[in-house]
Structure formats: structure tokens, C-alpha cells
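The values are calculated or read from the model by the stated rules, or taken from the named source; none is laboratory data. As the structure is a computational prediction, the values presented were derived from the model and not from experiment. Methodologically, a virtual Cβ is constructed for each residue, glycine included, from the backbone with ideal geometry; neighbour enumeration extends over all protein chains shown.
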């Protein structure tokens, strides 16, 4: 399915402006699973997922201090209705417990 050009351009801009915690997790994902193809800021209409692994239909979201739990819940429900599984982590989890974050992702990937 071809993505709307506006969404593609926005996702490119988000990749260029990655947060510190997105960069940390991205580097760890590449190091941990060099053969798996994760995508950063991947458009899944009408959203852009922080990280996505297409073969397993896994979305990984990092929540900073400005996330709205009610909006996140609606987003997760819509993604799950499209058969995506959503894992959410806070920036603090990435900072303080990166190995635990990786273990949670690994649990899902081993299913």
C-alpha cells in the first residue's frame, strides 16, 4: 500500500530529529538483532510508529513526558485492529533498564 507523500515526508523528518532515547534504542536493536529489519518512524496510516518490525507486525513506541495516555490508548486500539502488536516503553525505561526493554521485545519476537 503506497503511503501518502505528506506522511512519508513527515516520517523522514522525524528520523532526522530522533530523540536521544530513540537513538539509544535504535542502536541497541541494530546491535542485538543485526539480521532483523526494524524500521524507524514507519508510517502506519494514520500514524507513524517509532519503530516497527514488519514480519512480526510489532510496533515499539517510546513515551516521553509529553505523551497523552488516553490518545495512546486510542492509537494502540486502532493499531491492534490492524493486527499490530504494540509495546510501549518510557524514555526512563530505555535510560535506566535498556536490557529489560530488550528482553520484553525479545519475548514478543520469540512467539
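Filter segment 38-55 down to the residues that are exposed (fewer than 11 other Cβ atoms within 10 Å of the Cβ) and at pLDDT 85 or above and list them by number.
Within segment 38-55, the first condition is being exposed (fewer than 11 other Cβ atoms within 10 Å of the Cβ), and the residues that meet it are 46, 55.
Scanning segment 38-55 gives a single hit, 55.
Could you tell me which of the residues 96, 76, 35, 72 is out of contact with any helix residue (DSSP H, G or I) (no Cβ under 7 Å at 6 or more places or on another chain), closer than 29 Å to residue 5 by Cα, free of Cβ contacts under 8 Å to residues at least 40 places away in the same chain and loosely packed, with under 11 Cβ neighbours inside 10 Å? Break it down stepwise before answering.
Numbers: 96 fails: closer than 29 Å to residue 5 by Cα; 76 fails: loosely packed, with under 11 Cβ neighbours inside 10 Å; 72 fails: loosely packed, with under 11 Cβ neighbours inside 10 Å.
Residue meeting the stated conditions: 35.
Answer yes or no: is there a residue in segment 6-25 that is outside any helix (DSSP H, G or I), at pLDDT below 95 and either surrounded by 11 or more Cβ atoms within 10 Å (Cβ to Cβ) or in contact with a strand residue (DSSP E or B) (Cβ under 7 Å, 6 or more places away or on another chain) (or both). Show your work before the answer.
If we filter segment 6-25 for residues that are outside any helix (DSSP H, G or I), which is where we start, we get 17-19.
After this cut, where a residue has to be at pLDDT below 95 as well, the list is 17-19.
Next cut, either surrounded by 11 or more Cβ atoms within 10 Å (Cβ to Cβ) or in contact with a strand residue (DSSP E or B) (Cβ under 7 Å, 6 or more places away or on another chain) (or both) only: 18-19.
Scanning segment 6-25, I find at least one residue that is outside any helix (DSSP H, G or I), at pLDDT below 95 and either surrounded by 11 or more Cβ atoms within 10 Å (Cβ to Cβ) or in contact with a strand residue (DSSP E or B) (Cβ under 7 Å, 6 or more places away or on another chain) (or both), so the answer is yes.
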